[in-house]
1. For the range 108-155, give me each residue that is touching an Asp or Glu at 6+ places or on another chain (Cβ under 6 Å) and modelled with pLDDT of 55 or more.
2. Which condition number does residue 306 fail, the rest of (1) touching a residue at least 12 places away in the same chain (Cβ under 8 Å); (2) exposed (fewer than 15 other Cβ atoms within 10 Å of the Cβ); (3) under 24 Å from residue 180 (Cα atoms); (4) not aromatic (Phe, Trp, Tyr) being met?
3. Just give me the residues in the range 197-241 being in contact with an Asp or Glu (Cβ under 6 Å, 6 or more places away or on another chain) and at pLDDT below 95, in sequence order.
4. Does the range 204-219 contain any residue that is buried (at least 20 other Cβ atoms within 10 Å of the Cβ) and in a strand (DSSP E or B)?
5. Any idea how many residues of the range 338-352 are of a type in the set (D, E, K, R) and surrounded by 19 or more Cβ atoms within 10 Å (Cβ to Cβ)?
6. Being β-branched (Val, Ile, Thr), crowded, with 21+ Cβ neighbours inside 10 Å and under 18 Å from residue 338 (Cα atoms) is the filter here; which residues of the range 310-325 pass it?
7. Test of understanding: among 190, 230, 244, which residue is part of a strand (DSSP E or B), within 21 Å of residue 63 (Cα to Cα) and either under 18 Å from the mean Cα position of the chain (by Cα) or not β-branched (Val, Ile, Thr) (or both)?
8. What pairs can you find where one residue is in the range 216-229 and farther than 12 Å from residue 140 by Cβ and not assigned by TED's automatic domain parsing to the domain that holds residue 61, the other is surrounded by 24 or more Cβ atoms within 10 Å (Cβ to Cβ) and charged (D, E, K, R), and their Cβ atoms are less than 6 Å apart, with a gap of 6+ or different chains?
Amino acid sequence: MYEYIGNLHVHSLYSDGTGSMEEIASAAAKAGIDFVIVTDHGTLQALREGKEGWYKEVLILIGMEINRPCNHYLALNIEREIADNSQDPRKVIDAVASQQGLGFIAHPHEKGSKLVLDGDFFPWVDWEVDGYTGIEIWNYSSQFRDGATSLLRSLYLGLVDPQRAITGPDPETLRIWDEKAQEKPVVGIGGSDAHAVKVTYGPLSREVFPYEYLFRCVNTHVLLPEPLSGKLEQDKKLIYQALGSGHCFVAFDYYRWGKGFRFSSRVGDRQGIMGDSLELTGPASLEITLPYPAKVRLMRNGILLKQKRTCRWELTVDQPGVYRVEAILPVRYWRWKPWLYSNPIYLREPGIGAGL
C-alpha cells in the first residue's frame, strides 16, 4: 500500500479563512504533507474557478462545509453546492449522497468557549440520521477552543504550550463512533478546521494557528493501492475511494509522524486492512505496526481488550466485533499524548453482512 498524508477540513479566503489555494499548498509543502481538502462554508466557488488540482508536489481537493448553527457536515467529491438545512440534516446527507459524494459529521461534540466567537459553538445534535460516510472524530481547532476556559489559560495555551489543550478525540465522539460502527461501517477522519485568522490589536498583529502549523498536527493518512500519478482525476478518485472505504487513520503528527502505522487482519487466506470487513470463519490474526514505540490499545466494540507498550504486535482473536487501535505516545516531561487512531476492521460472524 502507498501512504499519503492529508489535512482535511480547511478554510480559505473563499469563506472565512485567509489563505489562497496557492498559499495553502505552499504551507502544506513546507509542513511535509501530500494533500489538502478545502471545505469552505457554503460554496464551491473555488472548484468552479478551477482551483482544484496539483500545486507542484501538493494536491488540493475542494469540497464544502454545510450548515451553520449546528449539524455541520463536510461534503466531499461533489460538483454542485448544497443548501444549508440545520433543522433537517437528513436532507443534507441525502443531497450529498445523490451526487455520489462523501459526507462526514464535523466536530460533533464541540463545546466552545465564552472567550472565542462570543461563546458560539457548533455541535451535531441529530443522531437519528443515517447515510453519512463517517465522523470527524478529532478536530484540532475545536478542541483547542474548548480548552480556552479562562483568559489566563487561553494566554498560556496560545503563547506557551498550545498542545496542552490537545487531549485526543472527545470520549463521547469515540463512544458514538464505536456504537454506530457496530451497526454499519463508519469511517473516522481527523481535521484541522484551519482558518489562519489574523488578529490585530493596536500595532500588534498575530496569525492564530497558521496553516503550516496546523498541517503538522491532526492529519488523516490514506492507504492507496497504487501511487499518486500527478493526474488530478485519477488521484482524486484514489484518495476519495480510500476515505470512503476507511482505508485511512488519524494521526497527531506534531511530536512524531505517524507514517508507517499499519493495522491489518488475516482469516485463513483472506486479508484485510483498516476499513475492511472479514468473515470470521476461524481465528483471526491481527498485526499492528508503529513507526515508534508507544502504548498501544486494542479496542473491541469500544471496550479496551488488551494494551501493550510496543512498536509491533501480533495477536489472535476469535470473537466477532469491531476492532480498532489507539496509540499513546510518550513525549517530553514524562507526558503522554494521543497519537494514532485507526479505522476499524470489522470481523463478522459467517453469514452476516458488512454491517454488524
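1. 109, 111, 123, 139, 141, 142
2. Tallying (1) touching a residue at least 12 places away in the same chain (Cβ under 8 Å); (2) exposed (fewer than 15 other Cβ atoms within 10 Å of the Cβ); (3) under 24 Å from residue 180 (Cα atoms); (4) not aromatic (Phe, Trp, Tyr), residue 306 fails exactly one: (1).
3. Residue satisfying the conditions is 198 alone.
4. Within the range 204-219, one or more residues are buried (at least 20 other Cβ atoms within 10 Å of the Cβ) and in a strand (DSSP E or B).
5. Looking only at that region, the number is 0.
6. Matches in the range 310-325: 325 only.
7. 190
8. none
The values are calculated or read from the model by the stated rules, or taken from the named source; none is laboratory data. In this text, all values refer to a predicted model and were calculated from it rather than measured experimentally. Note that each Cβ is placed from the backbone with ideal geometry, even for glycine, and that neighbours are counted across all protein chains shown.
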